[in-house]
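Visitor: Structure below; questions to follow.
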Amino acid sequence: MTMARDFSGLARRNPDGTATMEFAVEGIACGGCIGRIEAGLKRLPGIADARVNFTNRRLTVAWTDGSCKPEGAIAALARMGYRAHPFLARDAEAEEVQRGRMLLRCLGVAGFAAMNIMLLSVSVWSGDFTDITPETRDLFHWLSALIALPAAAYAGRPFFGSAWRALRARAVNMDVPISLGITLALGLSLYETANHAAHAYFDSAVMLIFFLLCGRYLDHLMRARTRAVAGNLAALKAETACRFDGKGEIVEVPAAALRAGDRILLRPAERVPADGVIVGGASDIDESLVTGETTPRKVVSGAHVYAGSMNLGGTVTLRVTAAGENTLLDDIERLLDKAVKAKSKYVALADRAARFYAPVVHTTAALTFTGWLIAGASTHDSILAAVSVLIITCPCALALAIPAVQVVSAGTLFRNGIFLNSGEAIERLAEIDTVVFDKTGTLTLPEPRVVNVGSIDRNALAAAARLALSSRYPLASALARHATERKPYDGATEEPGQGVHVTIDGTEMRLGNGTFCSVVMPPALAADHPRASTIFFRHGDRHATFVINQSLRPGTMEVIDALRDMGLAIAILSGDRAEAVEPMAKALRVANWRAELNPADKVAFLDTLKTQGRRVLMVGDGINDVPSLAAAHVSMSPISAADLSQAQADAVFLGESLKPVVEAVTAARNAQRLMHQNLWLAAVYNAIAVPIAIAGLVTPLIAAVAMSGSSVAVTLNALRLRLPKRQTIFEHPAAIPSAASKPRLV
């Protein structure tokens, strides 16, 4: 007796009364599986929506009436030939690792077997022109069978299992003709060997498995890159909070227990546990991971703060306005989830080509077999012709056409400091017509810098920079980078929200705000930098004002011009103030810009472009950019971006310059051209080879050689991909940034 399992407790209950749940699904082999699963589940009563993420093989199901029955969805998937179970992040990660190891073991077994069988086959072929005896030839064929049969049974499991699940569900996928071709080739070879025939085709079958496993493993590696930098928004959430009870006393409670209206105490160096309003005290809040703005925001009574922000200054009292699953971080997570599901509907070029492959191959082989029987041929000869058709039309070239280009282009981009998280990113990049940049940390360098170093006394700079080593204030790190001696002063003390001080040679040294240091910013300096942040320094009669600001990444203007020359529209989106965004947009000659946007606003802007038929490349770095990175047609992030942004982006690039954005688009367009060429090579090969096989003019051995030749051809064509050196990617010499060029200050 089997006990039924109830998974409904794992479902997430939504405020609108619906329930959603995620499943890990095994057996999704191509883009055609997406439509089959989604359409099949939507026919079930009570299911409002079903969405498959092809990249991570994850299915999200929504129930309308709240009566969540996950076991019904699992049973329906089983009837369709897919094995599913509730998604658990840790289990899913372990399964992907296990699958990768299994594919690699299968690839190794197939490769080792193919090499040894080929040695025996070469001996037979050469012996046909010399003096090999029938007994020796039979021995070599039996030895080949002894190697091929167990090797094929082990290495062919990814195809056999997928084909069997499809057939049980009365469906057909690409693995069905593959499995049929392998099985018939092995069976026919065994029959020929037992009857002392001159030819056997064990080498063809095992080589077929090896080439297909190459494509399957390369595809797995590309998809694994998407999950390689797994980030989690939960890392930004505070675990506990200090809540005032009814008596006005502080009680430490889990952050999940907070409710709207609660009053909590937020101390320096603590992360904000919930969205709220300041009702007492004042401080500086670092919201860089949430809003993207690196300059700390001064907050006083009445100011709104968001969960995940860091309190840098004084102690404040906060009244909770949103907690639990209603905070800005949770809104970002929901936006991300929605965007990822929408993006997963993209059907890759190889999948679009493969949708028509299986029925065509089956029909061609069946008609060949039937036609030869009608023509009076024996069953043996008819099967031989049908097997030749199956082998010669094997999708090795099709299976390698796209992954081969993806791997070569990924390697080329890697050598230029660009790392792909998704093989499909190449295709998406080649299709873009618009590039949207985040401002803070993307167009600008991620860390602020002291912009008036040249006008500061060298001794004052050294002393202030050394004192800055003792400060937790984010802007102090910009000054600390100029310290010639990396050892902090002994006895330095920081006053939260004010600055840091220490006594040197009987005289107090201070670094912090103007009031704390009794220093006023010179009017001329204030006029030159109206929106800059400042840190003041005083040591006795000696004082200085350090202007700290963000600067454009090197060569940004040249990169924007190069993208325009490629026919791409440019836009800037930012959560920063309009007065900080507008001057930069004007300097870069970008008319389409938006300021003071939250994550939902950015996604809405991208959706508007999408409805206009635009295909957008989003370049961003912050947690607040994660939903828009997912919503865009394709996305890139600098290596300095937050971990979650890097994990969500389709590509990550090294260095301070934005030149890799141009390089990636250039390489993608070249790669797409080679992908189309490879698909045409595969099509032309089939157009020539299939009629010859149908006519019975080739044996399975010649078919295997022709199949291997087509695979080699598409691989060699993929190797033609070369990315020009960085100095030559720009179309005109004026766009090449000089080595002496300095970043513009904003």
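Bear in mind these aren't lab numbers, they're just calculated from the coordinates by the rules spelled out. Only a predicted model underlies this, so the values are computations on that prediction, with no experimental measurement involved. In this analysis, Cβ positions are derived from the backbone assuming ideal geometry, glycine residues included, and neighbour counts consider all displayed protein chains.
Visitor: Fewest to most neighbouring Cβ within 10 Å: what's the order for ASP131, ASP203?
Guide: ASP131, ASP203
Visitor: Here is a further query. Can you run phi through the Karplus equation (6.51, -1.76, 1.60; θ = phi - 60°) for the stretch 664-672 and list ³J(HN,Hα) in whole Hz, with x for Gly and Pro?
Guide: 5, 5, 4, 5, 5, 5, 5, 5, 4
Visitor: Here is a further query. Step by step: find N for the stretch 130-187, compute 2.2 N^0.38 Å, then divide the Cα radius of gyration by it. What's the final number?
Guide: Here the answer is 1.51, to two decimals.
Visitor: Counting just the Cα atoms, what span does the stretch 597-638 cover along each of its three principal axes? Round to the nearest Å and put the largest first.
Guide: So the three principal-axis extents are 26, 19, 12 Å.
Visitor: Sticking with this structure for a sec: Evaluate E = 1/(1 + (r/R0)^6) for THR484 and TRP680, where r is the Cβ-Cβ distance and R0 equals 51 Å; express this FRET efficiency to the nearest 0.05.
Guide: 0.25
Visitor: While we're here: Provide the descending list of Cα extents for the stretch 612-658 along its principal axes, expressed in whole angstroms.
Guide: 33, 20, 14
Visitor: What would the Debye formula give as log10 I(q)/I(0) at q = 0.12, 0.15, 0.21, 0.23 Å⁻¹ for the alpha-carbon point model of the stretch 449-549, no solvent?
Guide: -0.33, -0.52, -1.06, -1.30
Visitor: Taking the radius of gyration and the Kirkwood hydrodynamic radius from Cα positions alone, what is the Rg/Rh ratio for the stretch 493-599, to two decimal places? Before the final figure, lay out the partial values.
Guide: Details: Rg = 19.7 Å, Rh = 17.0 Å.
For the stretch 493-599, the value is 1.16.
Visitor: Tell me, what is the percent relative contact order of the stretch 595-671, built from C-alpha pairs under 8 Å that lie six or more residues apart?
Guide: Dividing the mean separation by the residue count of the stretch 595-671 yields 22 percent.
Visitor: Right, another one. If R₀ is 22 angstrom, what is the calculated FRET efficiency for the pair ALA695 and LEU119, using the beta carbon separation as r and rounding to 0.05?
Guide: Efficiency computed from Cβ-Cβ geometry: 0.10.
Visitor: In the stretch 514-539, which residues have a backbone nitrogen under 16 Å from the label point lying 7 Å from LYS298's Cα in the Cα-to-Cβ direction?
Guide: Answer for this model: 514-522, 526, 530-537.
Visitor: Which ³J(HN,Hα) values, rounded to whole Hz and listed in residue order, are derived for the stretch 274-281 from phi using the Karplus coefficients 6.51, -1.76 and 1.60 in 6.51 cos²θ - 1.76 cosθ + 1.60 with θ = phi - 60°, glycine and proline given as x?
Guide: For the stretch 274-281, the Karplus-derived couplings read 7, 5, x, 10, 5, 10, x, x Hz, x marking Gly and Pro.
Visitor: Tell me which residues come under 5 Å, amide H to amide H, from THR240 once H is placed; ignore anything under 5 positions away on its chain.
Guide: ALA255
Visitor: Convert each backbone phi in the stretch 648-659 into a coupling constant with the Karplus relation 6.51 cos²θ - 1.76 cosθ + 1.60 (shift: θ = phi - 60°), then list the ³J(HN,Hα) values in order as whole Hz, x for Gly and Pro.
Guide: 7, 5, 6, 8, 10, 10, 8, x, 8, 7, 8, 4
Visitor: Shifting gears a bit: Once the other residues with Cβ under 13 Å from the Cβ of VAL109 are scored (Lys, Arg +1; Asp, Glu -1), what is the net sum?
Guide: Summing Lys/Arg as +1 and Asp/Glu as -1 gives +3.
Visitor: Using Cα-Cα distances under 8 Å and only pairs 6 or more residues apart, what relative contact order does the stretch 449-549 have, in percent? Display every interim value, and only then the final one.
Guide: Working: 177 pairs, mean separation 26.5, N = 101.
Relative contact order here is 26 percent.
Visitor: Sticking with this one: Once amide H atoms are built 1.01 Å from N in the peptide plane, which residues 5 or more positions from TRP593, or in another chain, come under 5 Å H to H?
Guide: So TRP593 has HN proximity to ILE572.
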